[in-house]
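> Below you will find the structure I want to go over with you.
The values are calculated or read from the model by the stated rules, or taken from the named source; none is laboratory data. If you're wondering where the values come from, they're calculated on a predicted model, not measured in any experiment. No Cβ is skipped: glycine too gets one built from the backbone with ideal geometry, and neighbour counts run over all protein chains shown. Calculation scope for accessible area: heavy atoms of the full protein, side chains included, ligands and nucleic acids excluded. Shrake-Rupley method; radii C 1.70, N 1.55, O 1.52, S 1.80 Å.
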Amino acid sequence: MKLFSKIVLGGILVAMVSCQRFPNPFFDNKNKVLAEVGDVKLFSYDVSTIFTPGISAEDSLKLLESYVDQWVKKQLKIAEAEQMFEESQEDIDRLVQEYRNSLLTHKVDQFYVDKYIDTLFTADQIRQYYEEHKADFVLDKTMVKARIVRMPERHPQQKKIEELLLSPREESLQDLTELCVKNDFELTELNQWTDFSTLLLQLPTDRTQENDELLVTSKIHEFEANTSKYYVRVLAVRKAGDYTPLESVTEVIRRVLFNQRKESIIRSHEDSLYARALEKKEILVNVNR
C-alpha cells in the first residue's frame, strides 16, 4: 500500500476559532476528519478531551495544531515500522498479545489483593519471621547507638555531663537535655542504629585509626578540638557478623510478609478458578506422563 499523508486542518481551525467553540470543540460534524495517514484517520471527536476549561481560542488552536502534528508523526513512524519489520510482524503481534495478557492478569490479581489483603502485622508475627530467618539478617558493618555532648573546654559542668552520660536512671536523659539547653551545649542523640563510621564523622577522631575503643559501652570517651570538648558514650553495639537488630529490619519484614500474603491471595484465586473450570468441564488438560 502506498503511504500518503493528508492534513485537513485549515478550514476546520478557522471555523473553530471564529465560532469560539473552545475549550469544548463539539463541532456540528463530530465525524470531521482532521488528518489522515494512509488508511488511519483522526476525527474531531478524538480531540475533544485535550482542551481544558478556560483555555482561550488562540491557545486552543495552538494546542490542536500541536496535537495533530504529533499524531501524524506517530502514525508515520508506525507505518514505517510496519514496512521495515513486516517479516517479524508475527513476533510483534505475539509480544503485543503477551503484554495485553500480562496487563489483564495483573489487573485481576490486584483486584483480589486489594479486596482481601490484610495489611496489619503484629509484633509477634514480625518477631517470629525474624527468628526464623535470622541468617538473612547479618550485619556487614558495625552499628551503634550513641550520645554526644559538645561543649566549651574547661567548662565547670564537665563533671556533671560525665555523670549524666553514665547514669542508668531513666530521668538522666531529661536532666542531660535540660542541662545542655540551659548552657547552650550541643547534644546529639543517635538513638537509631547507626553506622559506626557515621558516628566517627561527628567526632575529631583520627580517620586512619580503627577507634574500636569507642565501642566500650561502659566508658565516656573524650576528644578536644578547636576550643571544644566532646563527650561521647556508645550505648549499644552490634558488630559486623552479628545479627541485625530487629528494629532495624522491621519495615523490611513487613514488606516481605505483605508480599507473602499477596502471593497467597493470588495463588488461592488461581486455584479456585482452576477447580471451578474443571468442575464445569470448561478446560481440558491432556499431559501424558
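> Contact list please: Cβ distance under 6 Å, first residue in the range 88-107 and in contact (Cβ under 8 Å) with a residue 24 or more places away in the chain, second residue assigned to a helix (DSSP H, G or I) and surrounded by 10 or more Cβ atoms within 10 Å (Cβ to Cβ), pairs at least six apart or on different chains.
none
> Filter the range 64-108 down to the residues that are aromatic (Phe, Trp, Tyr) and open to solvent by less than 100 Å² (accessible area, probe 1.4 Å), then identify the one that is nearest to residue 38 (Cα to Cα).
At the first step, the residues of the range 64-108 found to be aromatic (Phe, Trp, Tyr) are 67, 71, 85, 99.
Filter once more, keeping what is open to solvent by less than 100 Å² (accessible area, probe 1.4 Å): 67, 71, 85.
Details: 67: 18, 71: 13, 85: 18 Å.
Within the range 64-108, the match that is nearest to residue 38 (Cα to Cα) is 71.
> How many residues are among the polar types (S, T, N, Q), modelled with pLDDT under 95 and in a loop (DSSP other than H, G, I, E, B) when one looks only at the range 220-245?
At the first step, the residues of the range 220-245 found to be among the polar types (S, T, N, Q) are 226-228, 244.
The next check asks that each one be modelled with pLDDT under 95; those that pass are 226-228.
Going one step further and asking which of them are in a loop (DSSP other than H, G, I, E, B), we end up with 226-227.
Final tally of qualifying residues: 2.
> Moving to a separate point now. With the checklist (1) in contact (Cβ under 8 Å) with a residue 24 or more places away in the chain; (2) exposed (fewer than 14 other Cβ atoms within 10 Å of the Cβ) in hand, flag the one item residue 190 doesn't pass.
Tallying (1) in contact (Cβ under 8 Å) with a residue 24 or more places away in the chain; (2) exposed (fewer than 14 other Cβ atoms within 10 Å of the Cβ), residue 190 fails exactly one: (2).
> Give the range 196-216 a look and list any residue that's under 13 Å from residue 231 (Cα atoms), free of Cβ contacts under 8 Å to residues at least 24 places away in the same chain and either outside any helix (DSSP H, G or I) or of a type in the set (Phe, Trp, Tyr) (or both), or say none.
205
> Determine which single condition residue 149 fails, assuming it passes every other condition in (1) open to solvent by less than 80 Å² (accessible area, probe 1.4 Å); (2) farther than 30 Å from residue 250 by Cα.
Answer for residue 149: the failing condition is (2).
> Take the residues of the range 109-121 that are open to solvent by less than 100 Å² (accessible area, probe 1.4 Å) and of a type in the set (Asp, Glu): which is farthest from residue 261 (Cα to Cα)? Write out each step before concluding.
So in the range 109-121, the residues open to solvent by less than 100 Å² (accessible area, probe 1.4 Å) come out as 109-110, 112-113, 117-119, 121.
Imposing the further condition that a residue be of a type in the set (Asp, Glu) reduces the set to 109, 118.
Working: 109: 12, 118: 8 Å.
Filtering first and then ranking leaves 109.
> Output the residues belonging to the range 246-289 that are outside any helix (DSSP H, G or I) and open to solvent by less than 80 Å² (accessible area, probe 1.4 Å). Step through it out loud before you land on a result.
Going through the range 246-289, the residues outside any helix (DSSP H, G or I) turn out to be 280-289.
Listed by number, the list holds a single entry, 283.
> Now, a different point. Checking the conditions here, which among 171, 224 is over 21 Å from residue 143 (Cβ atoms) and in contact (Cβ under 8 Å) with a residue 60 or more places away in the chain? Steps first, answer last, please.
Values: 171 fails: in contact (Cβ under 8 Å) with a residue 60 or more places away in the chain.
Testing whether each residue is over 21 Å from residue 143 (Cβ atoms) and in contact (Cβ under 8 Å) with a residue 60 or more places away in the chain leaves just 224.
> Another question, if that's okay. Condition check: in contact (Cβ under 8 Å) with a residue 24 or more places away in the chain, touching a Phe, Trp or Tyr at 6+ places or on another chain (Cβ under 6 Å) and open to solvent by 60 Å² or more (accessible area, probe 1.4 Å). Does residue 127 satisfy that?
no
> Search the range 33-63 for residues being under 36 Å from the mean Cα position of the chain (by Cα) and exposed (fewer than 14 other Cβ atoms within 10 Å of the Cβ), and hand back the single one that is nearest to residue 82 (Cα to Cα).
49
> With the checklist (1) assigned to a loop (DSSP other than H, G, I, E, B); (2) surrounded by 14 or more Cβ atoms within 10 Å (Cβ to Cβ) in hand, flag the one item residue 177 doesn't pass.
With (1) assigned to a loop (DSSP other than H, G, I, E, B); (2) surrounded by 14 or more Cβ atoms within 10 Å (Cβ to Cβ) applied to residue 177, the lone miss is (1).
> Determine whether residue 182 is over 22 Å from residue 248 (Cα atoms), at pLDDT 90 or above and loosely packed, with under 11 Cβ neighbours inside 10 Å.
Numbers: over 22 Å from residue 248 (Cα atoms): yes; at pLDDT 90 or above: yes; loosely packed, with under 11 Cβ neighbours inside 10 Å: yes.
So residue 182 passes the test.
> Scan the range 234-287 for residues that are polar (S, T, N, Q), under 22 Å from the mean Cα position of the chain (by Cα) and within 30 Å of residue 187 (Cα to Cα) and report the count.
First, the residues of the range 234-287 that are polar (S, T, N, Q): 244, 248, 250, 259-260, 264, 268, 272, 286.
Cutting the leftovers down to under 22 Å from the mean Cα position of the chain (by Cα) gives us 248, 250, 259-260.
This time we only want the ones that are within 30 Å of residue 187 (Cα to Cα), so: 248, 250.
The qualifying residues number 2.
> Among (1) under 30 Å from residue 246 (Cα atoms); (2) open to solvent by 50 Å² or more (accessible area, probe 1.4 Å), which single condition is residue 163 missing?
(1)
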